[in-house]
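Down below is the structure, laid out as structure tokens.
The values are calculated or read from the model by the stated rules, or taken from the named source; none is laboratory data. Since we're looking at a predicted model, the values are computed, not measured. Note that each Cβ is placed from the backbone with ideal geometry, even for glycine, and that neighbours are counted across all protein chains shown.
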């Protein structure tokens, strides 16, 4: 059984006398309190092709989602609906970012460039491209109330990024921000 197996979570709610350790010993090998681990995928959308190659998408102007629980990012992918020709001088960097939800700057959780060397290379419609997670562990975690979004920065003369969806796989930990 996986730690986020809904039947065990439901058992814990239906039988409050059962200890958390009883429900999760088999999965975590510990006798400490259980954590509610739920995995979700959120989709952030870039609804239009860039009008000009140099047009960037600021984090604060992008599609965003408020997180109801603390957690961590497990992975992210971009799914373009059009093509993009890679270039080592004129390219885009697509990133999934987190912020505190108070209008501050975002912190990069995962990113990918459209460079030929060390990047995704060309985009093809319908081909999913994985973003690399930040190597700084703290950057892959988010607090309750954080806002997840994306940004697209440009280098050189830039490149027109097509309409795309960015799927973000996250793992929620603990309790949510909503009263029961």
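Points worth noting:
- So residue 132, is it over 24 Å from residue 51 (Cα atoms), assigned by TED's automatic domain parsing to the domain that holds residue 44, free of Cβ contacts under 8 Å to residues at least 12 places away in the same chain and within 15 Å of the chain's Cα centre (by Cα): no
- Lone qualifier among 119, 158 - being surrounded by 12 or more Cβ atoms within 10 Å (Cβ to Cβ), over 17 Å from residue 64 (Cα atoms) and modelled with pLDDT under 90: 119
- So residue 73, is it within 18 Å of residue 173 (Cβ to Cβ), in the same structural domain as residue 163 (by TED's automatic domain parsing), touching a strand residue (DSSP E or B) at 6+ places or on another chain (Cβ under 6 Å) and in a loop (DSSP other than H, G, I, E, B): no
- Test for residue 105: is it at pLDDT 90 or above and either surrounded by fewer than 19 Cβ atoms within 10 Å (Cβ to Cβ) or outside any strand (DSSP E or B) (or both): no
- Meets criteria (in the same structural domain as residue 168 (by TED's automatic domain parsing) and within 14 Å of residue 166 (Cα to Cα)) for residue 126: yes
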